1. Suppose every Lys and Arg Cβ carries +1 and every Asp and Glu Cβ carries -1, with no other charges. What dipole size does the chain come out with about its Cα centre, to the nearest 20 debye?
2. How big is region 16-108 by the Kirkwood estimate over distinct Cα pairs, in Å?
3. Could you calculate the contour length gain from residue 21 to residue 100, that is, 0.36 nm times the residue separation minus the distance between their Cα atoms, to one decimal place in nm?
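All of the numbers you see were taken from the coordinates with simple rules; none came from a lab. Computed from a predicted model, the values in this text were never measured in an experiment. Every residue, glycine as well, gets a Cβ built from its backbone with ideal geometry; the counts of neighbours run over all protein chains shown.
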Amino acid sequence: MGIATQNVTNTSGIVNSCVTAFTTDAVAAADTIFSFGFKPRMIRFVNITDRLTSEFAEGMPATNTLDTAAAGTRTLGVASSIVVNADNTVTVKAALMVASKSFYIEANG
């Protein structure tokens, strides 16, 4: 059995981390851009209200996320719901930015 691997490392050994908590209002959901001041290599987006988590890590296909439901069921998301942009910002798509909910986003680089 062959295994394809991809090594992902921190540049210059620098590790950055940022956690941001926020609440959306009742306005319709929209794509939202986050800027952390560094290139995120791992993003965890958590809907605290509904206990839903979507995660993206460098090296994963750009269209994928690892999604965890409130019951603990894990599935492969294929909707490009978390995107690391060329300018190192992160776009969280409207499908995750539900109105009137509490969230946190964690980025590590």
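1. In total the dipole reaches around 140 debye.
2. 13.2 Å
3. Taking 0.36 nm per residue and subtracting the Cα distance, the gain is 27.1 nm.
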